[in-house]
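First comes the structure, then the notes that go with it.
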Amino acid sequence: MRTQVAIIGGGPSGLLLSQLLNRAGIATVVLERKSRDYVLGRIRAGVLETGLVNLLREAGAGARMDREGHLHDGCHLAQNGRMFRVDFREACGKQVMVYGQTEVTRDLYDAQDAMGATVIHEAEDVALHDLTGSPYVTWRDAAGEHRLDCDFVAGCDGFHGISRQAIPASVRTEFEKVYPFGWLGILSRTPPVEDELIYAAHDRGFALASMRNPALSRYYIQVPLTDRVEDWSDEAFWAEFRARMPEDVAARLVTGPSIEKSIAPLRSFVTEPMRWGKLFLCGDAAHIVPPTGAKGLNLAASDVHYLLEGLVAHYRGDGRGIDAYSQRALARIWQAMRFSWSLTTMMHRFPGASDYERRMQDSELALLERSATARQLLAENYTGLPY
Ligand code: RFL
Ligand code: PHB
């Protein structure tokens, strides 16, 4: 089998890249290790920047998002019970779209099906070969062993994928920060407690009130890394969540059984460079941010944007875009890294933090409440820096 671009990973970055390349007349094959149902069962991000919203429309996969997604003009920040609003529209003239990653992925699968694109599921032992020469990919499935020859490989296989490891360790520089806590998240068929997201700093730990639609809420609390999901009954979650929200919000909270519950550790990670020979890394395969800034999925989208531009230009005879890919993508990634780190640092309770560090966190939040300039900076970063 032969294609132009072999895409490893059928998550949002792989599918979006495949969809946009196909529309530009460039052939792809997507190889995904899991089944489609498994991929669609993951509950992850919920906030889309304008850049991703526009890419989904460009990909012909934005119609349901435009019907069912919700544009938000701002969000709330709370600190030990006090709450104030950051108005994105007023601060920087932009909005975000609240629409779940699960739905984005489903829409991309449907769009790929509609154009007859090749997405191969349950591909095991995917391996990349001759990445600095004539690249090819091998894998195994129920039907046996397979080989796919290609011009390029896009490594869109997430943080635990194999693509990043295919770059020799001597070429890679990795940057990592592991936070000493995780987020326990639940999804419940209850009306969201507020129309917009609430990011709440509290002495008991951080909490976030988010949503998927008017009947489906997504809530999170900061928990120690040693906690396990089994330790948290729904009742215990609701009690802790309520305790961290401002009183009037807590009083309005509608609770119900969780339909998903999971713990995600918080980590920042970047690998440089994002290109080696004919291999390009995209999305979580190259970088991870803590979810506080809602940047993970959005960074995957900006990588896709830069890689798409580079590949389209390459097939028209101009190689400058793929040569600049790593540098262009990383410049934006490091800005989002900084933003996610600063929001995470401001909002969470760190074990062993000094009183001085606590006062710094309070002062950062007070600055945001007082200063339109500070809110502008937050709003510009939260709604997404331009591509
Ligand atoms: P994904 O979504 O991880 O998709 C990678 C795909 O590659 C497949 N794969 C392989 N396929 C073939 N061969 C192999 N050897 C393979 N190894 C892996 C996987 O099965 C998978 O289908 O990466 P992608 O496409 O780059 O998308 C990135 C986003 O998913 C990610 O940035 C965000 O979801 C991060 N993230 C969140 N971001 C936010 O902005 N807001 C959030 O609230 C938020 N919550 C989360 C998150 C990530 C989580 N993870 C990774 C555990 C919550 C969690 C739990
Ligand atoms: C979510 O809805 O899952 C969500 C929203 C905003 C974040 C993180 C997660 O910062």
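Any residue in region 250-265 that is surrounded by 18 or more Cβ atoms within 10 Å (Cβ to Cβ), within 18 Å of Met83 (Cα to Cα) and within 14 Å of ligand 2 (Cβ to nearest atom)?
no
Of these, Ser170, Ser188, which one is assigned by TED's automatic domain parsing to the domain that holds Gly100 and either at negative phi or away from ligand 1 (no atom under 13 Å from the Cβ) (or both)?
Result of the check over Ser170, Ser188: Ser170.
Mind checking which residues of region 325-348 are touching a residue at least 60 places away in the same chain (Cβ under 8 Å) and crowded, with 16+ Cβ neighbours inside 10 Å?
Within region 325-348, Leu330, Ile333, Met337, Ser340, Trp341, Leu343, Thr344, Met346, Met347, His348 meet the criteria.
Residues are listed down the side, and each one gets a yes or a no for (1) more than 25 Å from Thr292 (Cα to Cα); (2) away from ligand 1 (no atom under 14 Å from the Cβ):
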{"site": "Gln4", "(1), (2)": "yes, yes"}
{"site": "Gly10", "(1), (2)": "no, no"}
{"site": "Gly25", "(1), (2)": "yes, yes"}
{"site": "Val53", "(1), (2)": "no, no"}
{"site": "Leu56", "(1), (2)": "no, no"}
{"site": "Cys75", "(1), (2)": "no, no"}
{"site": "Phe84", "(1), (2)": "no, yes"}
{"site": "Cys92", "(1), (2)": "no, yes"}
{"site": "Arg106", "(1), (2)": "no, no"}
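Residues Val98, Val104: which one is under 17 Å from Asp195 (Cα atoms) and either in contact (Cβ under 8 Å) with a residue 40 or more places away in the chain or not charged (D, E, K, R) (or both)?
Details: Val104 fails: under 17 Å from Asp195 (Cα atoms).
Of Val98, Val104, the one residue that is under 17 Å from Asp195 (Cα atoms) and either in contact (Cβ under 8 Å) with a residue 40 or more places away in the chain or not charged (D, E, K, R) (or both) is Val98.
So in region 279-295, with the set limited to residues that are within 16 Å of ligand 2 (Cβ to nearest atom) and part of a loop (DSSP other than H, G, I, E, B), which one is nearest to Ser13 (Cα to Cα)?
Lys295
Within region 108-167, track down each residue that is of a type outside the set (Asp, Glu), within 9 Å of ligand 1 (Cβ to nearest atom) and either open to solvent by 50 Å² or more (accessible area, probe 1.4 Å) or at pLDDT below 95 (or both).
His160, Ile162
The values are calculated or read from the model by the stated rules, or taken from the named source; none is laboratory data. Everything numeric here is computed off the predicted structure, so don't read it as measured data. Because the Cβ atoms are built from the backbone with ideal geometry, glycine has one as well, and the counts that use them run over all protein chains shown. Side chains are part of the model used for accessible areas, which takes the heavy atoms of the whole protein and leaves out ligands, DNA and RNA. Shrake-Rupley method; radii C 1.70, N 1.55, O 1.52, S 1.80 Å.
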